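Here's the structure, in structure tokens; my notes come after.
The values are calculated or read from the model by the stated rules, or taken from the named source; none is laboratory data. As the structure is a prediction and not an experimental result, all values here were calculated from the model. Virtual Cβ from ideal backbone geometry, glycine too; neighbours counted across all protein chains shown.
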Amino acid sequence: MLKLRNVSKKYRGAERYAVQDLDLHVRHGEIFGFLGPNGAGKTTTIKMIVGLLRADQGSVTVNGFDVEKQPIEAKRSIGFVPDNPDLYQKLTGLEYLNLIGDAFQVEQSLRAERIQYYLEMFEMSHALGDLIQSYSHGMQQKLALTGALLHEPELFILDEPMVGLDPKSAHFFRELMRAHVEKGNTVFFSTHVLEVAEKICDRVGIIHNGKLIACGTIDELRKDSEQVNDTLEKLFLELTEEDDSIG
């Protein structure tokens, strides 16, 4: 579903790469957690996957389409929610969702059904006619999530999706991610909430200083560290500390 081959990115004026020689394969039907400390390269990687940044070298393919050479085809397969959704503040919630539905050519009756389902789940139906500028951060996050799911993307990409969600909505959203992959779709998300990643991810990748330092199931990471009972948090701290000592 998602393949990154030898992907590197260095920002102008920077001394070191934000992402370097990244090879990653995320499969159909899995929830993949992308973990790392602040500044590790998570958001840069996500921006290259969705086409907001161009890699200096390497290739990114989504559902068989090269993101740089076939951007429209690749983006049709993607639903993306950034860490800080920048929505159209002068639109109502319904106008925004219809804009997204039109962009992805979602049929009207199906669109209405999905809007109703997601907004009832997030308890947002009452605000559908209000301007987005009147929404709280959490409400804007829920609206962005709904918009990204309207076309039932084969690859759902999220950068820190739990930020701003109340506990009830976060619980429903975790169930929603699992239901999405059970249909054969894929979820790729970054998070600092390691407890959530441990509970719901089929596999995780850990990036540090721009390089992928570990990838696999939690059990595989435990086996590699020889700490069979460690939590993901302990494994994460151990791996990133080791990487710092090597560097």
Tally the residues that are farther than 10 Å from residue 80 by Cα and under 16 Å from the mean Cα position of the chain (by Cα), restricting the search to region 129-149. 4
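Name every residue in region 1-35 that is aromatic (Phe, Trp, Tyr) and within 20 Å of the chain's Cα centre (by Cα), in order of residue number.
Filtering region 1-35 down to residues aromatic (Phe, Trp, Tyr) leaves 11, 17, 32, 34.
Within region 1-35, 32, 34 meet the criteria.
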So which of 205, 184 ends up being modelled with pLDDT of 90 or more and assigned to a strand (DSSP E or B)? 205
With the condition kept exactly as written, say whether any residue in region 46-63 is more than 14 Å from the chain's Cα centre (by Cα), farther than 22 Å from residue 210 by Cα and touching a residue at least 60 places away in the same chain (Cβ under 8 Å). yes
Examine region 128-135 for a residue that is under 21 Å from residue 46 (Cβ atoms), without any contact (Cβ under 8 Å) to a residue 40 or more places away in the chain and out of contact with any Gly (no Cβ under 6 Å at 6 or more places or on another chain), and state whether such a residue exists. no
Filter region 208-224 for residues that are outside any strand (DSSP E or B) and of a type in the set (Lys, Arg); which is surrounded by the most Cβ atoms within 10 Å (Cβ to Cβ)? 222
Candidate set: region 148-171, residues that are outside any loop (DSSP other than H, G, I, E, B) and free of Cβ contacts under 8 Å to residues at least 60 places away in the same chain; chosen: the one surrounded by the most Cβ atoms within 10 Å (Cβ to Cβ): 169
Any idea which of (1) acidic (Asp, Glu); (2) part of a helix (DSSP H, G or I); (3) surrounded by fewer than 15 Cβ atoms within 10 Å (Cβ to Cβ) is the one residue 198 doesn't satisfy? (3)
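Is it true that residue 41 is surrounded by 15 or more Cβ atoms within 10 Å (Cβ to Cβ) and at positive phi?
Details: surrounded by 15 or more Cβ atoms within 10 Å (Cβ to Cβ): yes; at positive phi: yes.
Yes; evaluated as a whole, the condition is true for this residue.
Please enumerate the residues belonging to region 110-124 that are of a type in the set (A, V, I, L, M) and at pLDDT 95 or above. Before the answer, list the steps.
Filtering region 110-124 down to residues of a type in the set (A, V, I, L, M) leaves 110, 112, 115, 119, 121, 124.
Passing the criteria: 110, 112, 115.
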What are the residues in region 112-133 that are over 14 Å from residue 169 (Cβ atoms) and in contact with a helix residue (DSSP H, G or I) (Cβ under 8 Å, 6 or more places away or on another chain), if any? 114, 115, 116, 128, 129, 130, 132
